[in-house]
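What follows is a single structure, written as structure tokens, with notes after it.
The values are calculated or read from the model by the stated rules, or taken from the named source; none is laboratory data. Values in this document were obtained by computation on a predicted structure and should not be read as measured data. Here the Cβ positions follow ideal geometry from the backbone for every residue, glycine too, while neighbour counts run over all protein chains shown. Quick note on the areas: whole protein, heavy atoms, side chains included, nothing else; ligands and nucleic acids left out. Shrake-Rupley method; radii C 1.70, N 1.55, O 1.52, S 1.80 Å.
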Amino acid sequence: MTGFQIVVLWSDVLVWLLVAAGVGVGLLIARNPPLRAAWRRVGASRAGMASATVLAAFVAVGLLDSLHYRVALDGAPGQKTRYAVEVLSVLDALATPLRTRNEKTYSAPFATRLYAKETVDVPGVGAVRDYPPLKHGGSHLAGRDDEAAADVAFRAFRGAVIGFLAWMAIAALVAAAVRAGDSAVDAAGWRKIWRRETVFAWDAVLATLLAMLLAGVPLLLLAADYHVFGTDKVGQDVFYQVLKSVRTGLIIGLVTTLVMLPVAVLLGIVAGYFRGWVDDVIQYVYTVLNSIPGVLLIAAAVLMMQVVIDTHPQWFATAAERADLRLLALCFILGITSWTGLCRLLRGETLKLRELEYIQAAQAFGVSSWRIIVRHILPNLMHIVIIALVMDFSGLVLAEAVLSYVGIGVDPTMTSFGTMINNARMELGREPVVWWSLAAAFAAMFVLVLAANLFADAVRDAFDPRAA
């Protein structure tokens, strides 16, 4: 292989545009004292910062999975370079052992043998029913299965030690940064952090980071030689599937919000400010949308989009591009069907704001309506918009899981929490029960949604003008 070809999917573009928008919003917040003060209150929330640390880990995984490429194939000298059909990501490259070390079928977490008995030939004995050894999981033990438990414990302990040492280095850097400008004693930074004397909740961040490193580093070390979450029906590592599902969940939550936000903000403010026939038309539109069962509308739109994709295979050079288009279609469909709640809320708040004295004074002085909306109405509604954004994220992640479970979610070739749960349905009905795929997907999705909800609560408390 001589090189690679960068592949840019539409979802990748939207993800990195969101990153750029986040940087821009950060610069805007830094220049706006009220917003800066509100986000300082978020930073002072220990629950909020602990959940933000967890979300940052998920975002890092999602960004690594949003840099795609195709590997060049071997060819004769002088021939045009050809590239593999499979589209990989940086995460795939980092997780190559997880991606390529597939077993024959099911194996339990940390197992060294398959989960079901097969007929195997034993030299000197003949054909017997036994659990065949795995090709990769625990292969370094060379058949010494009785040593597996001790080996797992030793590797986990070593990983915990490495994680703790890494945490100590990070904590020392944070303490040094906190201590900067304080010449009292060397331990001043540590005391400020653990006595909760800092404006930013560094103690919560460091405590959460310690827990993540103590759990994550041993997990990564063990994943090099074991299937830590087991394997599925085709022998693929479940831990790898969980990592690949993170990007799908983040895109569903973030891109759908990107689609929903402009429509909800514009129509909500316009309906509340101009009232009259404009308000009637907008209310009629979102009332009609609300009267249609959301699942039926989404199912119809997804099925129509799938027909378009199936009838135009020439549009896609790879299967990843095909799955990516269906993912984006699902994001847009969810966005179209989920803007009505925020729109109604913003309409009601705008109706109250337009009756305030300073708004009426601006109207009396002849200030244009759109200037009043941009300069006075919108800034006073931003706390509602921000709260709605972070609170809708977890709901959209759960919506993808439900839709994929009933078969109208992402493409079946794309890994997501919903497809993992859908595939686990039949596994729960077999004997013996295969429980680890469902458990791994549920645990990862639970952590992601819980972190998003806790962070949403911190943002709501910080931006709510009625909060003390």
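In table form, for the structure just shown:
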{"quantity": "Residue that is within 18 Å of the chain's Cα centre (by Cα), touching a residue at least 40 places away in the same chain (Cβ under 8 Å) and more than 25 Å from Ala116 (Cα to Cα), where the choices are Phe393, Phe446", "calculated": "Phe393"}
{"quantity": "Answer from Gly43, Gly48, Gly24 - the residue that is without any contact (Cβ under 8 Å) to a residue 40 or more places away in the chain, out of contact with any strand residue (DSSP E or B) (no Cβ under 7 Å at 6 or more places or on another chain), farther than 18 Å from Gly253 by Cα and open to solvent by less than 50 Å² (accessible area, probe 1.4 Å)", "calculated": "Gly24"}
{"quantity": "The lone exception for Arg36 - which of (1) under 24 Å from Ser394 (Cβ atoms); (2) of a type outside the set (S, T, N, Q); (3) touching a helix residue (DSSP H, G or I) at 6+ places or on another chain (Cβ under 7 Å) it fails", "calculated": "(1)"}
{"quantity": "All helices (runs of 4 or more DSSP H) inside the stretch 339-403 with 1 or more residues being more than 18 Å from Val265 (Cα to Cα) and open to solvent by 50 Å² or more (accessible area, probe 1.4 Å)", "calculated": "357-364"}
{"quantity": "Long-range neighbours under 8 Å by Cβ, at least six apart or interchain, first residue open to solvent by 40 Å² or more (accessible area, probe 1.4 Å) within the stretch 298-320, second part of a loop (DSSP other than H, G, I, E, B) and of a type in the set (S, T, N, Q)", "calculated": "Ala319/Thr413"}
{"quantity": "Selected residue [assigned to a helix (DSSP H, G or I), open to solvent by 40 Å² or more (accessible area, probe 1.4 Å) and at pLDDT below 90] from Leu173, Leu250, Leu221, Leu165", "calculated": "Leu173"}
{"quantity": "Segments classed as strands (runs of 3 or more DSSP E), wholly inside the stretch 54-134, with at least 2 members that are modelled with pLDDT under 85", "calculated": "118-122, 126-130"}
{"quantity": "Number of positions in the stretch 271-284 that are open to solvent by 20 Å² or more (accessible area, probe 1.4 Å) and either touching a residue at least 12 places away in the same chain (Cβ under 8 Å) or within 30 Å of the chain's Cα centre (by Cα) (or both)", "calculated": "3"}
{"quantity": "Condition check for Ala320: among the small types (Gly, Ala, Ser) and under 23 Å from Ile384 (Cβ atoms)", "calculated": "no"}
